[in-house]
Amino acid sequence: MANNRDFKKAIKTACSVIAGECIMAQEKDQKKEWDSLVIDAALVQQEAVNRTSVKFDKKPAEFANGREYRRARRAFFKGVEKEITEYMRQEVGEIAKKMNDLR
């Protein structure tokens, strides 16, 4: 994870683009269905941002040297980023399928 703040911005940007697409595609007779997709996008954003707020639970004293600590810390945060990316990919895919079904 290069920067937690930038990662959160990317999540928020992706979800806002999805919500914007849902709003632009709304038709009068399907307004409730499209609104539910906007809410789904907001919930995905909230969950993904919440998942980024984790801390590395080990201390430098638990490692032989600083290099091992940094390596373990980097691996931990890469795993977190991968997990969030997979979560986003799955949830956004489901929202996209629902959007396509409404068109």
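Full extension of the chain between residue 27 and residue 55 yields a length gain of 5.7 nm, computed as 0.36 nm times the residue separation minus the alpha carbon distance. Under a model in which nothing but the beta-carbon of Lys, Arg (+1) and Asp, Glu (-1) is charged, the chain shows a dipole of about 780 debye around its Cα centre.
Relative to the longest principal axis of the Cα atoms of the chain, helix 66-102 runs at roughly 10 degrees. Adding -39500 (n - 2.57) for every DSSP H run of four residues or longer, then dividing by how many residues the chain holds, sets the calculated 222 nm ellipticity at -27500 deg cm²/dmol.
Taking 20 Å as the limit for the C-alpha separation, the pairs 8/32; 9/58; 12/58; 9/78 exceed it in the case of 8/32; 9/58; 12/58.
Computed from backbone phi with θ = phi - 60° and the Karplus coefficients 6.51, -1.76 and 1.60, the 3J(HN,Hα) list for the stretch 59-65 is 10, x, 5, 7, 10, 5, 8 Hz; x is used for glycine and proline. Per residue, the convex hull spanned by the Cα atoms of the stretch 1-53 amounts to 49 cubic angstrom. Between the helical axis of 31-52 and the longest alpha-carbon principal axis of the chain there is an angle of about 0 degrees. For the chain, take the longest principal axis of its alpha carbons; what is the angle in degrees between that and the long axis of helix 4-24, to the nearest 10 within 0 to 90? So the helix axis and the longest Cα principal axis differ by about 10 degrees.
Since every read-out is calculated from the coordinates, none of them should be taken as a lab result. The structure presented is a predicted model; accordingly, all values stated were derived computationally and were not measured. All Cβ positions, glycine included, derive from the backbone under ideal geometry; neighbour counts span all protein chains shown.
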